[in-house]
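Read the figures in this text as sums done on the coordinates, not as results from a lab. The structure displayed is predicted, hence computed values, not measured ones. With ideal geometry, Cβ positions are generated from the backbone for all residues, glycine too; neighbour counts draw on all protein chains shown.
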């Protein structure tokens, strides 16, 4: 007899359901988030279990890693791709766990990617760097706005980064504005040091693999962006087509069309937000250094606006990156911008 298990995972507990190949429910129980409790629940079915499905929530690492280390075959369910019957009147954790097991039995489970455990901490460290970069940008823009509002001076972000405590004293007469500005500068400099220390640690620990080295030939992609893309992609072979990769990078529209008219939107957050950020960053750098990218950006901006034009350029770079990683070839602007 073959058995299948689904685990509906929450922040503090999980619900385990086990079915057999006839969809009969053999086990159901809510358990605390402790690995020993889950292992004890699955132990009677270990020999017959074809697989265990865990929903891809924010806290799946400990459960998937722990079960894999004890010999279980794990499947990570993609919640955004799971479609249940819309006519259901009532669902709960018990139903969800059995539904996961049922889809695994029918071989229709939409699966997520279980990222290799050994590289996961470095990837998460680069994600923390992105958080610090966003916070630093917020403080730079806040100080820039305060200077413009109170002094009528347009100061670039680069000039603000070079400001120190003494320079601020010559700008503001009000002690309260001066204190606010000094607070911004202190946080900006602190985050700059943290970002630099993270970059140094990542570069000393991991190097670009062969299939990702040619990313450095793409205008706008440097060492950190290339490492970010490599660690977020993992294995480029998991994307059969360039459209799959572009969609995963959130570079395509989420519109739902009927008869040429927009009726609704699909899940705009489906995909990898870190890759989305990486290609927007690459696009912003590319228009500074690549004449081809700059010409494309100008044409798109004339049709729409700057934000849409940057996203369109980011999509072009994402599609080019897919072929560069898959075929291990250098970037060719003439192929991308015909």
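Observations
- The value of relative contact order for the stretch 3-106, using C-alpha pairs under 8 Å at least six residues apart, is 36 percent.
- Nearest 10 degrees, 0 to 90: helix 120-151 Cα axis against the chain principal axis: 40 degrees
- Remark on the stretch 210-336: ratio of C-alpha radius of gyration to 2.2 N^0.38 Å is 1.05.
- When the alpha carbon gyration tensor of the chain is reduced to an equivalent ellipsoid, the three semi-axes, largest first, read 44, 26, 21 Å.
- Semi-axis lengths (Å, descending) of the ellipsoid that matches the C-alpha gyration tensor of the stretch 120-205: 30, 11, 10
- Sorting 329, 53 by the number of Cβ atoms found within 10 Å of their own Cβ, with the fewest placed first, yields 329, 53.
- For the chain, a Gaussian network of Cα nodes joined below 10 Å ranks 319, 136, 34 by mean-square fluctuation, and the top entry is 34.
- Sorted by Cβ neighbour density within 10 Å, fewest at the top, the residues 130, 231: 130, 231
- Across the chain, C-alpha contacts under 8 Å between residues 6 or more apart give a mean separation that, scaled by the residue count, equals a relative contact order of 13 percent.
- Considering only beta bridges that DSSP places wholly inside the chain, some 70 percent are antiparallel.
- Arranged from fewest to most other beta-carbon atoms within 10 Å of their beta carbon, 140, 229 become 140, 229.
- Pairs of Cα atoms nearer than 8 Å and 6+ residues apart set the relative contact order; for the stretch 210-336 it is 36 percent.
- When the inverse distances between all different Cα atoms of the stretch 37-160 are averaged and flipped, the Kirkwood radius reads 18.6 angstrom.
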